[in-house]
1. Within the range 116-128, does at least one residue satisfy the condition of being surrounded by 15 or more Cβ atoms within 10 Å (Cβ to Cβ) and either basic (K, R) or not in a strand (DSSP E or B) (or both)?
2. Tally the residues that are open to solvent by 60 Å² or more (accessible area, probe 1.4 Å), in a loop (DSSP other than H, G, I, E, B) and out of contact with any strand residue (DSSP E or B) (no Cβ under 7 Å at 6 or more places or on another chain), restricting the search to the range 80-114.
3. Starting from residues that are in contact with a Gly (Cβ under 8 Å, 6 or more places away or on another chain) and among the hydroxyl-bearing types (S, T, Y), keep the ones in the range 157-200 and report whichever is nearest to F136 (Cα to Cα).
4. Need pairs with beta-carbon distance below 7 Å; first residue at positive phi and within the range 179-194, second surrounded by 11 or more Cβ atoms within 10 Å (Cβ to Cβ) and hydrophobic (A, V, I, L, M, F, W, C); sequence gap 6+ or separate chains.
5. Scan the range 138-180 for residues that are in contact with a strand residue (DSSP E or B) (Cβ under 7 Å, 6 or more places away or on another chain), within 28 Å of P105 (Cα to Cα), charged (D, E, K, R) and open to solvent by 70 Å² or more (accessible area, probe 1.4 Å) and report the count.
6. Hey, does the range 154-173 have a residue that's in contact with a Pro (Cβ under 7 Å, 6 or more places away or on another chain) and either outside any strand (DSSP E or B) or on the phi > 0 side of the Ramachandran plot (or both)?
7. Can you find even one residue in the range 48-71 that is surrounded by 10 or more Cβ atoms within 10 Å (Cβ to Cβ), modelled with pLDDT under 85, more than 30 Å from I106 (Cβ to Cβ) and out of contact with any Gly (no Cβ under 6 Å at 6 or more places or on another chain)?
8. Could you identify the single residue in I33, I29 that is at pLDDT 65 or above and either assigned to a loop (DSSP other than H, G, I, E, B) or open to solvent by less than 100 Å² (accessible area, probe 1.4 Å) (or both)?
Amino acid sequence: NHAQEAQYWDPVGIDEYSAIKGLSETEMIETPIIGTDGKPLTGPGRAYTPTHSILAPLNYGDVSMSGIDLGLTFLFPEYNLSFDTNFSFYSSTEYYNKLTKKNDPINAPKFKMNAGINWGSPIGDISIKYRHVDQFVWKDGIWSGTIGPYDLFDLFYTFKVNQYLEFNFTAQNIFDKVHKEMIGGAYMGRQLIMRVSTSL
């Protein structure tokens, strides 16, 4: 019978039969209930309260957001030089969640800034970029945590060998500031990329 056979099975949560709980999609986990031997009893791992449920994605309905995004570019054509910068600022970085009665983050920093200098030199085009990201809270489904702050410097170099051939070198995060840009994603460090492209 099924009960005798079940002693050799290991329930994995996909319509598996268990002698304890029958046919179910829940895993057996430790419960807060202590048995006579002083050890926690096991039971089906169900979500009994809303705090155990993951509410994602969620439609927040009508929300209002304010902030400022400002970009400036300065050109110095006589030197083949340009400078650009961008500032972003949010008035709020969270929304109120009516279901959980808590504030949820927007997964973006309150302040971030980019700046760069570009030079069309006699030996090729050279660009140096700077990025600053403030510390902010990230939450998406089961992933939650804090990101930043971090400051990154990137270097770009392009040299036109001839009319048909171009060499490009990119060094992102040149000071090897190991960081995450999203919770659940990979740690990111220095990246060096070289490429040769042709055109006809």
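1. No; the residues of the range 116-128 include none that is surrounded by 15 or more Cβ atoms within 10 Å (Cβ to Cβ) and either basic (K, R) or not in a strand (DSSP E or B) (or both).
2. 3
3. Here the residue is Y157.
4. Correct list of pairs: G184/W143.
5. Final tally of qualifying residues: 2.
6. Going through the range 154-173, the residues in contact with a Pro (Cβ under 7 Å, 6 or more places away or on another chain) turn out to be none.
Looking for residues that are in contact with a Pro (Cβ under 7 Å, 6 or more places away or on another chain) and either outside any strand (DSSP E or B) or on the phi > 0 side of the Ramachandran plot (or both), one finds none in the range 154-173, hence no.
7. Checked against the condition, which is being surrounded by 10 or more Cβ atoms within 10 Å (Cβ to Cβ), modelled with pLDDT under 85, more than 30 Å from I106 (Cβ to Cβ) and out of contact with any Gly (no Cβ under 6 Å at 6 or more places or on another chain), the range 48-71 yields no hits at all.
8. On the way: I33 fails: either assigned to a loop (DSSP other than H, G, I, E, B) or open to solvent by less than 100 Å² (accessible area, probe 1.4 Å) (or both).
The conditions single out I29.
The values are calculated or read from the model by the stated rules, or taken from the named source; none is laboratory data. Please read all numbers here as calculations on a predicted model, not as lab measurements. A quick note on method: Cβ atoms are made from the backbone with ideal geometry, for glycine too, and the neighbour counts reach across all protein chains shown. Only protein heavy atoms, including side chains, enter the accessible area calculation; ligands, DNA and RNA are left aside. Shrake-Rupley method; radii C 1.70, N 1.55, O 1.52, S 1.80 Å.
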